[in-house]
Amino acid sequence: MSSDAMAIHAAQASGRTWTEVLHEWVTTVDHKRLGLLYMGYALLMLVVAGAEAMLIRVQLMRPHNDFVSPQVFNRMFTMHGTTMIFFVVMPIMFGLRITWFR
């Protein structure tokens, strides 16, 4: 690809609005973009799971800590495991499979 063609492509790409770009990404059927969307979602959920882990760690900081009740601690522990497996690990595996092996 010549440098003139790259400059034309860059100029065309910069003329689009954010809503057009977002619509293009959300409605895509391109497997590379879908894989990237899966991995981006997984990274977002990794932040959520990290916040859950921080709440668990705050409770475990001292013996007899009353930051959360025992019932809430059990729910947070279960929610953290579910979030990590179903919303982080599996989307990353699907995203890598879609992106690299097609």
key: From the coordinates shown, P(r) over Cα pairs in 10 Å bins from 0, in percent corresponds to which of (1) 16, 51, 29, 4, 0; (2) 14, 46, 27, 10, 2; (3) 14, 26, 24, 17, 12, 5, 1   = (3)
key: Full-extension gain in nm, Met90 to Phe67, via 0.36 nm per residue minus C-alpha separation   = 5.2 nm
task = Whole number in Å², please: accessible area per residue of the chain, 1.4 Å probe, ligands, DNA and RNA not counted.
result = 79 Å²
note = Expressed in nanometres to one decimal, the distance between label points 7 Å along Cα→Cβ at Phe101 and Val21 is 3.2 nm
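If you keep only loop residues by DSSP, which chymotrypsin sites (Phe, Trp or Tyr not before Pro) in segment 25-102 have at most 14 other Cβ atoms within 10 Å of their Cβ?
Within segment 25-102, the qualifying chymotrypsin sites (Phe, Trp or Tyr not before Pro) (loop, at most 14 other Cβ atoms within 10 Å) are Phe67, Phe101.
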query = When the accessible area of the chain is split by element with a 1.4 Å probe, what percent falls to carbon and sulfur?
reply = 71 percent
Lys, Arg +1 and Asp, Glu -1 on Cβ, resulting dipole of the chain about Cα centre, debye, nearest 20 = 300 debye
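The values are calculated or read from the model by the stated rules, or taken from the named source; none is laboratory data. Note that the structure is predicted; figures quoted are calculated from it, not measured. A quick note on method: Cβ atoms are made from the backbone with ideal geometry, for glycine too, and the neighbour counts reach across all protein chains shown. Remember, those area values only see protein heavy atoms, side chains included, never the ligands or the DNA or RNA. Shrake-Rupley method; radii C 1.70, N 1.55, O 1.52, S 1.80 Å.
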